[in-house]
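> Pasting a structure here, questions to come.
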Amino acid sequence: MEAETSSEKPASTNPTYWLTRFVILRLLGIVYAVAFLVAAQQLLPLIGSHGLLPLDNFLPRVQAYYGSTWDGFQKLPSLFWLNDSDTMLAVLPWIGFGLSCVVIAGFSNSIIMIVLWALYMSIVHIGQDWYSFGWETQLLETGFLAIFLVPLLDPRPFPKVAPPSLVIWLFRWLIFRIMIGSALIKLRGDPCWRDLTALFYYFETQPIPNPLSRWFHFLPREVLQAGVLGNFLAELVAPWFVFWPRIARHIAGSIIILFLLSIAVSGNLSFLNWLTIIPALACFDDSFWWRLFPGPLKFWATTANQNRRKSIGAQAAAVGLTCLVTYLSIKPVRNLFSPDQMMNTSFDPLDLVNTYGAFGTIGRERLNVVFQGTDSDTTVGAVDWKDYLYQALPVDVHEMPVQIAPYQPHLDWQMWFAAMGTYHKYPWTLHLIWKLLHNDAVALSFFRYNPFPDHPPRYIRAVLYKYSFAPAGNAEGDWWTREFQDNWLPPLAVDDPRWDSILKSYGWTDNQ
């Protein structure tokens, strides 16, 4: 292949991926940075020694269940087996955040990527309920592939070792499994996907709506039905073309990315959409980016391609990785064809090759659990209950939904699930109420402000409401309407005699 100048397009044969790697790593660095920032700000209140699900209670239970610390480590590999202190919980995410910023700035090698992957895996494996989402293992799988996309030592944005083509293909295999898995879980799940009515409910009932969700919800029914067809175009049709020659790949990648962007602008799905875009970028080679990137980047890519050298070690690592992924893909592929398809499941302790899927079931109504407190000495009659406002989950009907993604408020997400069950399945909600009854700073950090700044409330309860979008332009200017459904948790006072047994049964007594 002849050497290219900065003004020439890459040759049409033997596609190169210098610019593709550059884009993949920058976006991966951003996603890592957001994920570690979330952990840095929320791990202590979630799983710290004074958190809702203390880590120093969790690890001994895992150890007892599997028989030893070593067996527990093998099932849930994590650096926190070495040190589960609050200092470790506070410091480790900031190390990850700092290294993520280095990647964003353009510097990465296998060592940096290994450290980022190991740090985040350490968090996910001890995160308990809070880190049980599919995008956590998806980030681990994506981050593991990125280890082999870069040289072992050279951290420059355009090193002399070219991006291994096999690793690019493995990224395509990842986006194929993500999208196909999501499509099949929908087709096998809720009939509203098959009769094209899913979007009649989705925008209102999704975990955390954003400012545009109401606009999407009230679009004409025909447009919403067309949106479901667009969903299947991106999830069921386009993925089959990510392995095709250039034009087909570029079209397929564009369809998938535009679909993911449309989801991102219509709701708050953490960093899931941006993370899923990363493997979709592997559909594009440098001929695509050549039209978009400024001259200096094209010059650096051209220079790197001219001076490229073969690395037997990098090639061997890529072959080994391909063999490993092929072997570990057997169970996920069987799962795709299974009538009992599981979504967001790992089959190996390192979460290297996983199954994915989203919204196999769509709720028909939005239920929210709202925590409320009162100063009153009684809970009977006309009692002034004050709402605790979540960071993002709807509570006040007058307030416009917030845009918080790609940041993820973990409590808000779990309370969306909790509204579809009972507190027995989410016992940490009792711990939260106990802390709110003491005006505990850790518990209050999950809410926007303290409705009882001068003294703790006398009673706390959790109420289940049905929320619906209020039509735009209504006389009250409301964003929502809400209807009382039931007491999700009855009123509890700090002197309730049941607290002693509750706290002791979960081992929370020493954490207050």
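> Please state the shape class of region 262-346: rounded when a/c is under 1.5, otherwise prolate if a/b exceeds b/c and oblate if not, all from the C-alpha gyration tensor.
Oblate shape, in that a/c is at least 1.5 and b/c is the bigger or equal ratio.
> Under the rule of at least 5 residues apart or a separate chain, name every residue whose amide H is placed under 5 Å from the amide H of residue 366.
It is 467, by chain and number.
> If you don't mind, another one. What is the gain in length, in nm to one decimal, between residue 509 and residue 376 on full extension, counting 0.36 nm per residue of separation less the C-alpha to C-alpha distance?
Extra length available between residue 509 and residue 376 comes to 45.2 nm.
> Right, next: For residue 75 and residue 315, FRET efficiency with R0 = 35 Å and r from the beta-carbon atoms, rounded to 0.05?
Taking R0 as 35 Å, the efficiency between residue 315 and residue 75 is 0.55.
> Average projected area of the Cα convex hull of the chain, in nm²?
26.3 nm²
> Ok, one more. Just to be sure I understand the rule: take each whole DSSP H helix in the chain, project its Cα atoms onto its long axis, keep it if the span is 27 Å or more and its mean Kyte-Doolittle hydropathy is at least -0.5. Which ones pass?
Sorted by number, the helices that extend far enough and score high enough are 18-47, 86-104, 165-188, 246-266.
> Tell me, Kirkwood radius of region 366-511 from alpha-carbon pair distances, in Å?
Roughly 16.2 Å, rounded to one decimal.
> Return the distance in nm (one decimal) between the two label points of a simple spin-label model at residue 247 and residue 396, each offset 7 Å from Cα along Cα→Cβ.
5.6 nm
> What is the magnitude of the charge dipole of the chain about its Cα centre, with +1 placed on the Cβ of each Lys and Arg, -1 on the Cβ of each Asp and Glu, and no other charges, expressed in debye to the nearest 20?
About 1960 debye.
> Tell me the Kirkwood radius of region 92-246: reciprocal of the mean inverse pair distance over distinct alpha-carbon atoms, in Å.
Over region 92-246, the inverse of the mean reciprocal pair distance is 18.5 Å.
> Report the extension gain between residue 64 and residue 82 in nm, rounded to one decimal, defined as 0.36 nm multiplied by the number of residues separating them, less their alpha carbon distance.
Full extension of this stretch gives 4.8 nm more.
> Further, regarding this structure: Multiplying the sequence separation of residue 222 and residue 384 by 0.36 nm and subtracting their Cα-Cα distance, what value in nm do you get?
Extra length available between residue 222 and residue 384 comes to 53.9 nm.
> Same structure, new question: Any idea how far apart residue 156 and residue 486 come out in nm if each label point goes 7 Å out from Cα toward Cβ?
6.6 nm
> Sticking with this one: Take the residue pairs 386/504; 186/466; 160/331; 386/425; 331/425 and return only those whose Cα atoms are more than 27 Å apart.
Beyond 27 Å between Cα atoms: 386/504; 160/331; 331/425.
> Taking the Cβ-Cβ separation of residue 334 and residue 258 as r and a Förster radius of 25 Å, what is the calculated FRET efficiency to the nearest 0.05?
Efficiency computed from Cβ-Cβ geometry: 0.20.
> Still on this model: Per residue of the chain, what 222 nm ellipticity follows from adding -39500 (n - 2.57) for every DSSP H run with n ≥ 4, rounded to the nearest 500?
Dividing the helical sum by the residues of the chain leaves -15000 deg cm²/dmol.
Laboratory data are not the source of any read-out in this text; all were calculated from the coordinates shown. Quick caveat, the model's predicted, so the values are computed rather than measured. With ideal geometry, Cβ positions are generated from the backbone for all residues, glycine too; neighbour counts draw on all protein chains shown.
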